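Working notes, structure below.
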Amino acid sequence: MATWGYGNDNGPATWVKSFPVAAGTRQSPIDIVPTAAKCDTKLTENPLTVNYSPEPAMELCNPGLSVKANIKSKSVIKGGPLEGEYKLEQFHLHWGSADKQGSEHTLNGKMFPAELHLVHYNATKYSSFGEAVDKPDGLAVFGIFLKISDKPHQGLKSLTDVLSEVQYKDKSINIKQEYNPVCLLPDNINKYWTYLGSLTTPPLCESVTWIVFEEPIEVSEDQMKAFRALCCGECGSAPIVDNYRPPLPLGNRQLRASFQ
Ligand SMILES: COc1ccc([C@H]2OC(=S)NC2=O)c(OC)c1
Ligand SMILES: [Zn+2]
């Protein structure tokens, strides 16, 4: 297969041809069924801790199938399901062509309009994201649902206001003003589900400890339109929309909850 994507001839159902792990036993995303989750007090005995720092000049880029912000500062997380310290490497999003779809994880079968991924690697055990990306304890990804409200998300506004400058593939800019990614987190980060999964696009490495927060962040319709105006290629190419993989079976995995 030339290059994987989300179309009919190169979409998620075809990925297994070039990436056999697509048929693996710890694939992501999954449908989160809260009643099937086991509340685990160990998750709160050692609470999830986020120590994010401001990025002086954050790089925002359009790699062609999403929009990504690369992180250079020392922003780390630990605790909860994690052993050791995980360092923030990048964040990006997945979104739909309409509000009825777009997220990768679903909640009782419901899709949200978009899902934000904050990607961390195990800096205690590995020296880089590249070394960690294919290790079973290599990565930890925050999954944050986006829902529509009449007010724009102030933290995302610094990015959505400049998306037109990275409209085309391989464009990148530096966000001038200082940016602390902590502004992207929901107010309550003590309520989450966690399970062992994978990257949701090729190479689909089964290296992710997922932490999906119960509380969505709220964005405006205009901000969703800004994401949907990004292009997969150069001027005139198709918009980046519906860049989500549908859920895979939980199988024998345990879905844990940090709350009742
Ligand atoms: C090589 O680096 C990669 C490759 C793929 C992904 C996909 O896996 C998830 S999760 N979202 C994605 O778009 C990634 O994200 C951490 C990082
Ligand atoms: Zn992602």
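Of note:
- When the Gaussian network model of the chain links Cα atoms closer than 10 Å, the mean-square fluctuations of Phe142, Phe19, Phe213 top out at Phe19.
- With K and R counted +1 and D and E -1, the other residues having a Cβ less than 14 Å from that of Lys169 yield a net charge of -1.
- Largest GNM mean-square fluctuation across His153, His105, His120, computed for the chain with C-alpha springs under 10 Å, falls on His153.
- What the Cβ-Cβ distance of Cys235 and Gln154 gives, at R0 = 30 Å and to the nearest 0.05, is a FRET efficiency of 0.50.
- The chain - mean residue ellipticity at 222 nm from DSSP helices (-39,500 (n - 2.57) per run, n ≥ 4, rounded to 500): -2000 deg cm²/dmol
- Extension gain from Lys176 to Ala13, taking 0.36 nm per residue of separation minus the Cα-Cα distance: 54.7 nm
- Size-normalised alpha-carbon gyration radius of the chain, reference 2.2 N^0.38 Å: 0.95
- The mean accessible area for residues of the range 137-203, using a 1.4 Å probe and ignoring ligands and nucleic acids, is 45 Å² per residue.
- Comparing Lys68, Lys169, Lys42 in a Gaussian network model of the chain (Cα springs below 10 Å), the most mobile by mean-square fluctuation is Lys42.
- Environment charge of Thr25, counting only residues whose C-beta is closer than 12 Å and scoring Lys/Arg +1, Asp/Glu -1: +1
- The range 12-257, accessible surface, carbon-and-sulfur percent (1.4 angstrom probe): 54
The values are calculated or read from the model by the stated rules, or taken from the named source; none is laboratory data. Everything quoted here is computed from the prediction, not taken from an experiment. Cβ atoms come from the backbone with ideal geometry, glycine included; neighbour counts cover every protein chain shown. These accessible areas exclude ligands, DNA and RNA; they are computed on the full protein's heavy atoms, side chains included. Shrake-Rupley method; radii C 1.70, N 1.55, O 1.52, S 1.80 Å.
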